[in-house]
1. Which angle from 0 to 90°, rounded to the nearest 10, does the C-alpha axis of helix A:112-131 make with the longest principal axis of chain A?
2. Report the trypsin sites (Lys or Arg not before Pro) located in segment A:481-572 that are in a DSSP loop and have at most 13 other Cβ atoms inside 10 Å of their Cβ, or state none.
3. Where does the longest stretch of chain A lie that holds no GluC sites (Glu not before Pro) found in a DSSP loop with 12 or fewer other Cβ atoms within 10 Å?
4. Compute the distance from the alpha-carbon center of segment A:18-48 to that of segment A:214-240, in whole Å.
5. In deg cm²/dmol and to the nearest 500, what is the mean residue ellipticity at 222 nm of chain A if only DSSP H runs of at least 4 residues count, each as -39500 (n - 2.57), divided by the residue total?
6. Rounded to whole Å, give me the distance from the Cα center of segment A:435-495 to that of segment A:176-203.
7. Taking the alpha-carbon set of segment A:232-382, what are its Rg and Dmax in Å?
8. Return the ratio Rg/(2.2 N^0.38 Å) for chain A, where Rg is computed over Cα atoms only.
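Read the figures in this text as sums done on the coordinates, not as results from a lab. The shown structure was predicted, so the numbers you read here are calculated from the model rather than taken from an experiment. Neighbour counts run over all protein chains shown; Cβ positions are idealised from the backbone, glycine included.
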Amino acid sequence: MVDFIWIAVALPLLGAATLVVFGKRIGEPRSGYLASVLAGAAFVIVVIAAANFFAGGHQGEQVYLFSWIPGLGINAEFLWDPLSAVMTMVVAGVGSLIHVYSIGYMHGDERYSRFFAYMNLFLASMLILVLGANFAVLFVGWELVGLSSYLLISFWFEKPSAAAAGKKAFIVNRIGDFGFVVALMLIFATFGSLGFETVFGNAAGLLSEGGGTVTAITLLLLVGAAGKSAQLPLYVWLPDAMEGPTPVSALIHAATMVTAGVYMVARTGVLFELAPFSSGVVATVGALTALYAATIAIGQKDIKRVLAYSTISQLGYMFMGVGVAAYTAGIFHLMTHAFFKALLFLGAGSVIHAMSGEQDMDKMGGLRKAMPKTFATMAIAWVAISGIPPFSGFWSKDEILGATFNKGGYFVFLWAIGLITAGFTAYYMSRLMFRTFWGEKRWDKGVHPHESPGSMTIPLIALGALAAVGGLINTPWKLTLEHFLEPAFENVHLAHAPEGATPWILALVSVAAGAVGIYYAYRRFLVGEAPEEKGGVWETLLQGYYVDDLYGKTLVLPGKAAAEQLAFTADAKGIDGAVNGVGGLVKRLAVIAKPLQTGLARSYGVGILGGAAALVLIILVRGGW
Amino acid sequence: MTVTAGWYMALAAVLFVMGGAGLLLRKNALIMFMCIELMLNSVNLTFVAAGHALGSIDGQLAALFVVVVAAAEVTVGLAIIVMVFRKRSTASVDELSGMKG
């Protein structure tokens, strides 16, 4: 019985409401303590609820909350199965650590308590998203995380760039949501229900494999997932989202919210299995995004933008995993990525904090000695994301690559892309580390880097431990996570990594790719003079292939022009013109009647008496009415 | 010679015309007000006389209504005139032509 799971959602929601209303009175740092305690409590509750699964239970449960839209048979219901258990634990666990980190990071901010209100709101929204037992509840969470993401990206809204980034994220997500909503309508039209149980239970009976309907549904779901998870071509909002405070980037734009698309594809695995074409598209989009974003990350100068493109790239891996039906591998990578990428972002935040807000890596270097704890923990994340065993990233990335390779045919090509990406990943992460922590000090005058306070380093250390050993829960010898998740995927045929000697060779190749990336970066940045990265190619990479300019010219400018036409021509001249025209007509007609209103009471008297006399006369002459 | 309803009607007509003439010819708002009262009461006289002649109570009833309405009207009207006089130091309606279109 896990009826109490709703409390895990209610607590952060309550915290958000309390902090919005009484935040100023609660003040700093108590708002941070309150929010962190509530986030931690949510984590404890989901762990308690998951105890049954730890003990080997398989049975998923539906938790009925209340009747929501009776006309359509939609209830507010939560689904508690191994998949939602893993997701809620990652979300609430990493979320709590980042709450604690924020206590120190947001110190002295003008809207300190408001920040924690939004963070709590986000946590509650994300939990709703992963707990929903039907598409309607999932969609509510989906939109709520979009809202809290918007609020947090533009948290420092005094900066025009932050306000613009918030809007951009919201609008790009809207495009994805459009696809998602249409998919939901198609699902409802097909199944007459939005409940996971009904839809997945009847999918095989109602939909023919590879049929038009299921392909359309899954492709539209992919549009939604690509928007939320920043995949090609809807990834453009994520790099700009780095305008938000760094804990936000860590929690929302690396560890949790952006993985919602991956979760959704995994959750709807039954549908994707019936649509092999869509699954192929998912895997292809993932592979291309992984490579594409990795190449951009190579040329970035802003430490957070490197990590942003890295996140897009890693999300590409997850899409590749769920695209080849290796759902457990995708979720596994989602989890390890949450650990090491949250760690990287928090580490970067710690560096930025120490450098008095400087984010340009050209002005860092040699920070190893100044911030040993930050350096040590980030180094763990660095080797983890580079795919060096036995750190977490190696296991999950390799499982995805292995499953992709095992699918054969066209997918071997995607595997090759993933392999090249692994090399690039190791290179750009090493570049980030070498340029930040090694080499000569290129600091601005007056900057005195120092280690961050305990509230920031303790979460770093906790995440460092998770990033180091988190991968061991699912090794080829002991597939703990896979067995844990299997009941949630009992209706789909999971793809597996190959057996025999092949996985060893594949692992060796991908470790080699990572090692080559690190070695090349070492030669380039640590041996002798670090090269100047100037010129056309570097500028193109720095600008992300000018995609923002392209979108700006082809989509934003025409949109703005159309809006201007509507506002200043259609509205000002058309609508306003019609209203003003009616007014003008009345005014002109009024001139005719104007002289009658003399303002002299006695002239009105003449009118009244004259009128009365005329009436009497008419009556007398006609002899009655 | 008996006094028939016709006499009353004639008297009422005379009073009505006097009131109407005063209303049109005088400028003082207070006097005009009194003229209106005169007209109202001439109509009252008509009502009562006609009612008596026809043996109906309706005439008296109508007269009663007119008295009540007139009382209400006087209350409001006099208040307005007093306020206008305080503001403008005049009660001449010809000078109060602010509503000219």
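1. Roughly 80 degrees, rounded to the nearest 10.
2. Numbers: sites: A:Arg523, A:Arg524, A:Lys534, A:Lys553, A:Lys560; in loops: A:Lys534.
When the trypsin sites (Lys or Arg not before Pro) of segment A:481-572 are filtered for loop state and at most 13 Cβ neighbours within 10 Å, A:Lys534 remain.
3. Working: sites that count: A:Glu110, A:Glu158, A:Glu209, A:Glu440, A:Glu490, A:Glu499, A:Glu529, A:Glu532.
In chain A, the maximal stretch lacking such sites is A:210-439.
4. About 33 Å separates the Cα centre of segment A:18-48 from the one of segment A:214-240.
5. Values: 26 runs with 429 residues, N = 625.
The helix-only estimate for chain A comes to -23000 deg cm²/dmol at 222 nm.
6. Cα centroid to Cα centroid, the span is 35 Å.
7. Reported Rg and Dmax, both Å: 16.3, 55.
8. On the way: Rg = 30.4 Å, N = 625, 2.2 N^0.38 = 25.4 Å.
Compared with the compact-globule rule of thumb, chain A sits at 1.20.
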